[in-house]
Amino acid sequence: MGANVTKAGGARRSRRTRGGAQPMAEINVTPFVDVMLVLLIIFMVSAPLLTVGVPVDLPKTAANALPTEAEEPLTVTVTAEGTVMIQTSEVARDQLIGRLRGIAAERRSDRVFLRADGAVPYAQVMQVMGALNAGGFSNIGLVTDVGGPNMDEDG
């Protein structure tokens, strides 16, 4: 009906929307998905590298893993040689309680993970646990590897 307009000269022009070509009303999500997949792969590859890198031979147990927190967990490690390390820095035993008190004052959580090599005597592990408690950390988690002996009645 009103699609074509005839002018006096007989030329016909087709009717268009205002401003020429109509804008596309769809959002192209393909680049967004591509970027998100690349970020996912980057995080999957880099996440194992973010763990504390002090090599210890952890004892194996049948215990389940603890739930994670929003704040990065504090990790204290006792190596096979008896060296005590907070995260990745070595600390002398006589300075351990002072350093822990300073760290506890800056943190919101009182949770700390204690990693000890399986060859370390029980007395040394308990001394470090006592230092952790004296340093202001009362929520101590002992870190072990999975796959150890099951201590139920059947096993």
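Observations on the model:
- Qualifying positions in the range 96-155 - more than 12 Å from Val76 (Cβ to Cβ), touching a strand residue (DSSP E or B) at 6+ places or on another chain (Cβ under 6 Å) and surrounded by fewer than 17 Cβ atoms within 10 Å (Cβ to Cβ): Asp110, Asn139, Asp145, Gly147, Gly148
- Of all the numbered requirements in (1) surrounded by 12 or more Cβ atoms within 10 Å (Cβ to Cβ); (2) under 28 Å from Lys60 (Cβ atoms); (3) at pLDDT below 90, Thr88 misses one, and that requirement is (1).
- Taken together, the residues in the range 85-110 that are within 14 Å of Ala134 (Cβ to Cβ) and in a loop (DSSP other than H, G, I, E, B) amount to 1.
- Residues that are in contact with an Asp or Glu (Cβ under 9 Å, 6 or more places away or on another chain) and of a type in the set (S, T, N, Q), drawn from the range 73-86: Thr77, Thr79, Thr83
The values are calculated or read from the model by the stated rules, or taken from the named source; none is laboratory data. Everything quoted here is computed from the prediction, not taken from an experiment. Every residue, glycine among them, receives a Cβ derived from its backbone with ideal geometry; neighbour counts consider all protein chains shown.
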